[in-house]
1. Just the number, please: carbon plus sulfur as a percent of the accessible area of the range 33-93, 1.4 Å probe, no ligands or DNA/RNA counted.
2. If R0 is 30 Å, what FRET efficiency do you get for Gln143 and Glu190 from their C-beta distance, rounded to 0.05?
3. Counting Lys +1, Arg +1, Asp -1, Glu -1, what net charge surrounds Asn48 among other residues with beta carbon under 13 Å of its beta carbon?
4. Applying a 10 Å radius around every beta-carbon, put 150-163, 59-72 in order of their mean neighbour count, most first.
5. Just order 171-182, 111-122 by mean Cβ neighbour count inside 10 Å, highest at the front, would you?
6. With a ≥ b ≥ c the root eigenvalues of the C-alpha gyration tensor of the range 68-155, is it rounded (a/c under 1.5), prolate (a/b larger than b/c) or oblate?
7. Averaged per residue, what accessible area in Å² does the range 63-152 show with a 1.4 Å probe, protein chains only?
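The values are calculated or read from the model by the stated rules, or taken from the named source; none is laboratory data. Because the structure is predicted, anything quoted here is derived from the model rather than measured. Every residue, glycine among them, receives a Cβ derived from its backbone with ideal geometry; neighbour counts consider all protein chains shown. Just so you know, the surface numbers come from the protein's heavy atoms only, side chains and all, with ligands and any DNA or RNA stripped out. Shrake-Rupley method; radii C 1.70, N 1.55, O 1.52, S 1.80 Å.
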Amino acid sequence: MSNKLILPNGTSQLVQPREERAAPSMSSAEGTQSSFVVVDLADMKATNHPTGCLVTQSLGSCVAVAIFDPEARIGGLLNYILPDSHICRERAMTNPFLFADTGIPLLFRRAYKLGALKERIVTKVAGAGNVLDPKENLRLGQQNYEALSRIMESNHVELKGKFVGGFKGMALKMYLETGRVVVELGDGQEVEI
């Protein structure tokens, strides 16, 4: 399969490996299920370390995109805030992980660079809620999810699991040993997706 990404505006972009920020290397002493690598807002981490956990918190209207290649045991996690970089090109240049249309291609590029193959990647998402906008005036969560859906659909990437919407914040954890993805709700309840 091709590592070509089709953007929401219809243009295509080859997804070639290039330097992005990767998750810190974890030594064998740290390689347990309790080893957490935090992915901040507007941030991305990817790793080929087979143990530990990538975690992102503060998911309201933001979207977490978790990808995992079960054969190569490569995982990546992106937490983006806004759907479209066209609103502020300068910000997209300094932090492409802020936006869906620039962050998602970089997440997949990093996974490919580490050895993941598109046809094996399992993609799961969470967030896209209306935590700060319960009257849904801005619909930022919905716009974020729609941007993700367009990118995934145009690149023939199927979402294998999702937990989106709502009016409460959440966190997402991806366990690198198995690719298991868990959403933790504000009340402490956990939902596997």
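1. 55 percent
2. According to the calculation, E is roughly 0.65.
3. For residues surrounding Asn48, the net value is +1.
4. Output ranking for 150-163, 59-72: 59-72, 150-163.
5. Highest to lowest by the protection proxy: 171-182, 111-122.
6. prolate
7. Numbers: 3600 Å² over 90 residues.
In whole numbers, the range 63-152 has 40 Å² accessible per residue.
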